[in-house]
Structures are given as C-alpha cells and as structure tokens.
1. Based on what the data block shows, is L120 under 24 Å from A238 (Cα atoms), surrounded by 18 or more Cβ atoms within 10 Å (Cβ to Cβ), more than 13 Å from the ligand (Cβ to nearest atom) and of a type in the set (A, V, I, L, M, F, W, C)?
2. Among the listed residues A128, A165, identify the single one that is more than 18 Å from L49 (Cα to Cα) and among the hydrophobic types (A, V, I, L, M, F, W, C).
3. Restricting the search to region 238-254, which residues are near the ligand (Cβ under 10 Å from one of its atoms) and assigned to a loop (DSSP other than H, G, I, E, B)?
4. Can you name every residue in region 287-297 that is of a type outside the set (D, E), in contact (Cβ under 8 Å) with a residue 40 or more places away in the chain and either within 11 Å of the ligand (Cβ to nearest atom) or not in a helix (DSSP H, G or I) (or both)?
5. At least 1 residues that are farther than 25 Å from R283 by Cα in each: list the helices (runs of 4 or more DSSP H) lying fully within region 159-235 that qualify.
6. So which residues in region 261-283 are away from the ligand (no atom under 11 Å from the Cβ) and either hydrophobic (A, V, I, L, M, F, W, C) or assigned to a helix (DSSP H, G or I) (or both), if there are any at all?
7. Test of understanding: among A135, A177, A162, which residue is within 12 Å of the ligand (Cβ to nearest atom), open to solvent by 20 Å² or more (accessible area, probe 1.4 Å) and either touching a residue at least 12 places away in the same chain (Cβ under 8 Å) or farther than 19 Å from L318 by Cβ (or both)?
Amino acid sequence: MTNPGTPARQGRSAGDGEPPSREGRGGRLDIAAFVRLTELADYIVPFALRVVCDLRVADHLAGGPRSTGELAAATGAHEDSLRRLLRALASRGVFAEVAGDRFELTPLAQPLRSDHPLSLRDAFPLLAAEVEAWAHADHSVWTGRPAFELVHGRPYWDHFGAHPAQGRRVDALQAAATGLHLRTLVPAYDWAALDSVVDVGGGNGTFVAGLLARFPGLRATLFDLPDVVAQAPAVLAAAGVADRCEIVGGSFFDGVPAGAGGYVLKTVLPGWDDERAGALLRRVREAMRPDSRLIALEAVPPPGDAFDVAKLFDVQTLVMTGTGHRTHEELAGLLEGAGLRLVGVTRTATLAVVEAVMGDAGPAAPGR
Ligand SMILES: C[S@@+](CC[C@H](N)C(=O)[O-])C[C@H]1O[C@@H](n2cnc3c(N)ncnc32)[C@H](O)[C@@H]1O
C-alpha cells in the first residue's frame with residue numbers, strides 16, 4: 001500500500017477514492033503541497049547546518065571522503081549523533097554519503113569550508129541569543145516589539161556589546177556575508193568616481209577593506225562603536241590596506257567623520273526606526289560635502305509576491321530589533337526628512353545600492 005505521506009499520490013483529487021476529508025472537500029488534495037509546507041516549516045535543517053559549521057565538518061572533508069568515525073575523532077563529536085546529522089543533511093544535498101559510512105562534500109557544501117574564497121562557514125552560527133528570540137517571534141507579531149528585547153532585557157546591539165564573545169560571532173557573520181556582498185555590489189556602483197569613503201557602522205572593516213583592495217586610489221575611514229572597530233586593524237592589515245584607512249570609534253548618533261566623497265551605510269538603516277534612522281541620516285548629512293554621495297547598501301523589498309530575500313530579512317529584523325527593511329518609497333521619504341534626495345536604487349543578487357545626495361544638490365550625475 002502506498003504511504004499516504006509520499007508524493008506518489010500527488011495530483012489525485014479528493015474524489016479519486018479518497019475518503020472525504022475536511023481538508024480535501026471541494027478541491028484537490030495536493031500531497032506535494034503538504035510535503036512542501038512541511039519542508040518550509042522545518043527548522044531541523046537550519047539548526048543541523050549550523051552545528052556542522054561550528055564543528056568545521058566541511059574543513060575535515062576538504063581532502064576527500066572520511067568515515068564518521070574519523071570525523072568524530074577530528075571534531076570531538078559523538079560518532080553516532082554526527083552520522084545521523086550528516087545523513088539528514090545529505091538528504092538535502094549538503095554532503096553526500098558514499099560507500100561504507102563515509103561522507104564527502106557536495107558543491108552545496110563547498111562554501112562551508114573555511115578556506116573557500118567566499119566561505120559562508122561563519123555566516124551560519126548557532127547564535128543562542130538569536131535563537132531564543134525566535135522562540136518568542138509571536139511576541140513581535142502581537143506587539144510590533146522586538147522579541148529579542150523581551151527575552152534578553154535589552155536591545156540587540158547592547159546585548160552583543162555586553163557579551164563580547166557572542167558579539168565577535170555576529171561580527172564574523174557580517175564579515176562572511178560581506179564577501180558575497182562585495183562580489184555583487186562592486187560592479188553595481190561607480191566606486192572609482194569616489195576619492196574617499198566613510199563606512200558608517202562598518203563593523204570590523206571587512207567591506208571597506210575589500211573596497212580599498214579593489215580601488216587603489218581610494219582612501220577610507222572606518223567608523224563604528226569602539227569595541228567593534230577594535231577588531232579592524234587585523235582585518236585591514238590582512239587585506240594590505242591599513243595605510244589607506246583611518247579607524248574611528250564612536251556613536252553615529254553623536255556625529256560622523258566629515259568631508260568624504262562617499263558615505264556608506266551597509267545594512268545599518270534597517271536596524272533603526274524612522275526617528276533614529278532619521279537622526280543618524282542627519283548626522284551623515286552634516287558631515288557630507290556638497291558633492292558627497294550617500295550610498296546605503298541594504299535589502300529593499302520589492303512589491304508583489306515574488307521571492308526576494310529582503311522579505312525574509314525584514315521579518316528577522318522585526319524579531320531582533322523591532323524595525324524593518326524599507327521599500328523604495330519609504331527610503332525616499334526617510335531620506336527627504338533628513339534633507340537628502342534619493343537618486344537611484346540598483347538591485348543586485350544580494351543587497352540593493354541606494355544612492356542619495358544633498359536635498360538641495362543638483363541633478364544626479366549621469367549614468368548613476
Ligand atoms: C548590521 S551591522 C552592519 C555592519 C557592516 N556595515 C556590515 O554590513 O557588515 C550594523 C553595525 O552598526 C554598528 N552600530 C550599532 N550602533 C551603532 C552606533 N550607535 N554607532 C556606530 N555604529 C553602530 C554595529 O556595531 C554594527 O557593526
């Protein structure tokens with residue numbers, strides 16, 4: 001007898017010998033849709049992926065297939081539990097089980113290697129503070145308030161500031177995503193036209209280091225909270241760009257370094273409500289030259305039902321900070337309120353490039 005949970009029955013209507021059911025009455029019982037819904041509701045795969053990232057399993061498979069016994073010895077994990085974890089992930093195409101209880105990397109697993117040029121290993125941490133907030137996501141939907149604050153008693157960035165070890169993991173997460181962002185955002189904007197940039201809320205400097213490495217004529221200032229920029233010298237030195245980047249620690253609500261040609265705000269504005277984001281933008285406007293460009297790099301949800309990761313980031317932002325990702329029109333309004341004028345939104349495979357100028361500046365430069 002066919003297992004009613006398998007897709008083998010997909011496409012049959014409720015009338016095809018199916019006992020009448022409340023779900024199926026008056027329409028087709030689309031088993032494939034049930035299976036798909038179950039996949040979407042699953043949080044097993046995301047957690048399993050994060051555990052193998054923490055265990056660096058992909059690094060241990062870089063040299064070729066290994067048995068679960070070898071992997072357990074190399075990672076310190078419990079062998080049978082590791083086998084079950086890898087079997088589950090292999091069923092989703094992350095790793096493949098080869099003959100004799102051995103696993104190997106699949107193309108999907110390659111970016112989980114630490115030495116991959118676009119490594120995503122640090123992009124998927126098992127970040128308990130975020131996970132605990134997600135367990136109360138309904139609070140955000142009931143109230144519009146961040147579940148993170150309900151659970152941890154203080155705002156997201158304050159929490160990670162108070163827990164430096166966890167904060168470093170968040171920085172590493174941002175830096176891992178930034179590798180991919182650089183690939184998509186560099187070709188999407190005329191960075192070569194800028195003499196200097198300030199990366200406002202620039203984290204540990206990974207993005208600005210990537211920009212400086214690609215544009216030898218560019219100078220930069222990295223600006224973020226003091227404990228965050230403390231990590232930057234090593235990042236800038238590793239990229240060989242330390243001599244072209246000043247590091248400044250402080251709060252962007254108190255003011256930002258003045259006089260640069262470009263002001264980069266990468267994934268910063270979505271973390272603040274309109275009042276705070278407006279205040280931050282006014283500080284940036286005060287620092288801008290008449291010809292400066294503000295370049296906000298962030299996910300911008302498009303209209304309609306088409307999939308766009310911005311629509312998912314938006315919910316993550318709601319749960320963590322109680323704020324969200326702004327649409328094109330919302331960004332235009334926010335910028336206008338701070339005396340800035342939106343001149344273009346260029347979407348890429350990752351973030352969008354949102355460009356603005358001083359509100360009383362002339363028309364946008366051609367080709368931007
Ligand atoms: C979402 S992260 C983005 C980091 C970086 N721009 C990136 O895209 O990888 C937001 C950044 O804003 C910084 N930040 C938060 N509050 C700040 C403040 N008051 N002044 C300066 N930076 C702040 C955080 O430390 C963090 O690095």
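1. Here the answer is yes, as L120 does meet what is asked.
2. The conditions single out A165.
3. G250, S251, F252, F253, D254
4. Matches in region 287-297: M288, P290, S292, R293, L294, I295, A296, L297.
5. In region 159-235, the matching helices (runs of 4 or more DSSP H) lie at 164-185, 206-214.
6. D274, E275, A277, G278, L281, R282
7. That would be A177, the only listed residue that is within 12 Å of the ligand (Cβ to nearest atom), open to solvent by 20 Å² or more (accessible area, probe 1.4 Å) and either touching a residue at least 12 places away in the same chain (Cβ under 8 Å) or farther than 19 Å from L318 by Cβ (or both).
Okay, residues lined up against (1) farther than 29 Å from A176 by Cα; (2) open to solvent by less than 30 Å² (accessible area, probe 1.4 Å); (3) touching a residue at least 60 places away in the same chain (Cβ under 8 Å); (4) assigned to a helix (DSSP H, G or I):
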| site | (1), (2), (3), (4) |
| --- | --- |
| R285 | yes, no, yes, yes |
| D305 | no, no, no, no |
| H325 | no, yes, no, no |
| E329 | yes, no, no, yes |
| G333 | yes, no, no, yes |
| G344 | no, yes, no, no |
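The values are calculated or read from the model by the stated rules, or taken from the named source; none is laboratory data. This structure is a prediction, so every number in the text was calculated from the model and none was measured. Glycine also receives a Cβ, built like all others from the backbone with ideal geometry; neighbour counts cover every protein chain displayed. Keep in mind that these areas ignore ligands, DNA and RNA; they rest on the heavy atoms of the full protein, side chains included. Shrake-Rupley method; radii C 1.70, N 1.55, O 1.52, S 1.80 Å.
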